[in-house]
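The values are calculated or read from the model by the stated rules, or taken from the named source; none is laboratory data. On a predicted model such as this, the values are computed, not experimentally measured, just so you know. Cβ atoms come from the backbone with ideal geometry, glycine included; neighbour counts cover every protein chain shown.
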Amino acid sequence: MPGLSGTRRHRRRDLALAISVLLFAFFLLLGPSVWSRPIRHGLRATALKPFIAMRGWIASRQAEREDLREVRAERDSLAAVATAQAVLAEENARLRGLLALRERVGPRFIATQLLRLGTGAAEGTFLIDAGSDDGVVVGSPVFTVGGLVGVVREVSGQSAQAVDWTHPEFRVSGMTADGQVYGVLEARRGSYREEDLLLMTGAPFHSDVRPGSRIVTSGRGEVFPRGIPIGEVLAIESADTGWRKSYMVRPYVRPESAAQVLVGLRDSGLSDLSTAWETQAPRPAPAADSLIPPVTTGTPPSRSP
Amino acid sequence: MRPGAWAVFVAILVFVHLFLHAGFGLGGSAPDLLAIAVLLTARRAPAARVTLLALFLGFLDDALGVRNLGARSVSLGIAAVLGTWSKRVVEGEGPLFVMAYLFAGKWVADATLLVMVPNGLPAGAVVANLSTWSLLAALYAAVAGTMALAGFRLVMGPDA
């Protein structure tokens, strides 16, 4: 036992070295994220690479075993919606050009697979198998046909890491579907993961948002496109005080249930997806040949392809 | 004990941990073999060497998330220092002691991490987490670690 049989001086030196290592780790934890990033990327590209690749392989095999037809139909519907929206955006851009307004880049999205790692540090985060080579950037929104899932935080060439709405650092600007009340949504952790909700803060004190009202992204900040469904209001928060109100919101999409997602590419935050989900229009009856099932409680209405 | 045998044992624990947690995405369904590797090594190596191991293994674990590196290293490192100190208090390594030692060490590591890293949990949920899930995770690690050590001794001999 080298550490125990040594002299007192040796033991002190050993302890001092151990404390130095702990302090180094502590400084790294408290320091800016740029200190950690190169080490993290290095480890992911070397020691962890086989395990991440294996996770991707297993996830794709699992996805194939699950209800493939339903998943693909959902993805195709979303791709069709996104494509249709791109056409509308191009038309919009042409009109803006006619009006001598600054031309905006239309919405662009890519369908990709979501990989969830099972370590404690990865809680509230997930990987997607699309990266900067595909046009994914930091801040790209991630969503499914049900609604918002999260936002990209770090990007490498072939993959990206994102946080979902349960992560403590996640924020999104939201509004009621009628555009009357705005607020910022952040995670409100429950005692168990299944109890996690969103809290919409900063709503005006005079606002009266009824339970069941739909909350969508407002497009403020130009990170998330306007009009992506987030969730529905459950109730006013009990701890509400002061001049503003806060509402508890039940998100439409549970992050753990998402497998195939759409990711926004560069400048996708400038677009308006309200029409993609018809968030302000009355809910239409789905066509007989629609790939999207009839809307049930808790799921935002979708546009038929 | 053959030189390097313990290092191979630790490497196997780390590989299996990453295989189950990152590769299969099992999360809490798989035991925390990194904590087991650090805690068992703390009974066999000087504090500086064990904290270096904790630093590296903590980096591996934290690199799969988006938070700054270091949180897991500190929590494992504190458990490691306490583990090296425990050698002066208790010499033997019977199965019951190993189980109790791994249980306590894993719980201390989890508690340190939960308190140190901002996670948005309300205070009540932190206490509930420490008194339920952390205890179950510690028990799971204790059983798995004791079995792993028993397997190692089966291969290397009872004195290993």
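All of (1) within 11 Å of another protein chain (Cβ to nearest Cβ); (2) assigned to a helix (DSSP H, G or I); (3) in contact (Cβ under 8 Å) with a residue 40 or more places away in the chain hold for B:Leu64 with one exception: (2). Scanning the range A:42-74 for residues being surrounded by 12 or more Cβ atoms within 10 Å (Cβ to Cβ) and either modelled with pLDDT under 75 or farther than 18 Å from A:Ala259 by Cβ (or both) gives a total of 12. Looking across the range A:33-49, the residues that are over 13 Å from B:Phe56 (Cβ atoms) and at the interface with another protein chain (Cβ under 8 Å from one of its Cβ atoms) come down to A:Ser33, A:Trp35, A:Ser36, A:Arg40, A:Arg44. Right, A:Gln180: within 27 Å of A:Arg37 (Cα to Cα) and surrounded by fewer than 22 Cβ atoms within 10 Å (Cβ to Cβ) or not? No: the conditions fail for A:Gln180.
Among helices (runs of 4 or more DSSP H) entirely within the range A:1-61, having at least 2 residues that are of a type in the set (Phe, Trp, Tyr) singles out A:8-30.
One residue is enough: does the range A:199-221 have a residue meeting the conditions within 14 Å of another protein chain (Cβ to nearest Cβ) and either surrounded by fewer than 22 Cβ atoms within 10 Å (Cβ to Cβ) or of a type in the set (Phe, Trp, Tyr) (or both)? Yes, some residue in the range A:199-221 is within 14 Å of another protein chain (Cβ to nearest Cβ) and either surrounded by fewer than 22 Cβ atoms within 10 Å (Cβ to Cβ) or of a type in the set (Phe, Trp, Tyr) (or both).
Conditions tested, residue by residue: (1) more than 14 Å from chain A (Cβ to nearest Cβ); (2) not aliphatic (A, V, I, L, M).
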{"position": "B:Tyr101", "(1), (2)": "yes, yes"}
{"position": "B:Ala109", "(1), (2)": "no, no"}
{"position": "B:Met116", "(1), (2)": "no, no"}
{"position": "B:Leu121", "(1), (2)": "no, no"}
{"position": "B:Leu130", "(1), (2)": "no, no"}
{"position": "B:Ala138", "(1), (2)": "no, no"}
{"position": "B:Met147", "(1), (2)": "yes, no"}
{"position": "B:Val155", "(1), (2)": "yes, no"}
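Looking only at residues of the range A:237-264 that are among the aliphatic types (A, V, I, L, M) and surrounded by 17 or more Cβ atoms within 10 Å (Cβ to Cβ), we find that the one that is modelled with the lowest pLDDT is A:Ala259.
Of the strands (runs of 3 or more DSSP E) entirely within the range A:101-205, those holding at least 3 residues that are in contact with a His (Cβ under 9 Å, 6 or more places away or on another chain) and within 29 Å of B:Gly23 (Cβ to Cβ) occupy A:148-155. When the range B:1-55 is filtered for residues that are within 11 Å of chain A (Cβ to nearest Cβ), part of a loop (DSSP other than H, G, I, E, B) and modelled with pLDDT of 90 or more, the ones remaining, listed by number, are B:Ala30, B:Asp32, B:Arg43, B:Arg44, B:Ala45, B:Pro46. One residue is enough: does the range B:87-99 have a residue meeting the conditions under 26 Å from B:Asp159 (Cβ atoms) and facing chain A (nearest Cβ under 9 Å)? The answer is yes, given that some residue of the range B:87-99 is under 26 Å from B:Asp159 (Cβ atoms) and facing chain A (nearest Cβ under 9 Å). Just one of the listed residues (A:Gly202, A:Gly219) is touching a helix residue (DSSP H, G or I) at 6+ places or on another chain (Cβ under 9 Å) and either modelled with pLDDT of 80 or more or within 30 Å of A:Ile110 (Cβ to Cβ) (or both), namely A:Gly219. Restricting attention to the range A:222-235, the residues that are surrounded by 22 or more Cβ atoms within 10 Å (Cβ to Cβ) and free of Cβ contacts under 8 Å to residues at least 60 places away in the same chain total 1.
The set of residues in the range A:143-171 that are among the hydroxyl-bearing types (Ser, Thr, Tyr) and touching a Gly at 6+ places or on another chain (Cβ under 8 Å) comprises A:Ser156, A:Ser159, A:Thr166. Per the listing A:Ser132, A:Ser140, the residue uniquely hydroxyl-bearing (Ser, Thr, Tyr), away from chain B (no Cβ under 11 Å) and over 14 Å from the mean Cα position of the chain (by Cα) is A:Ser132.
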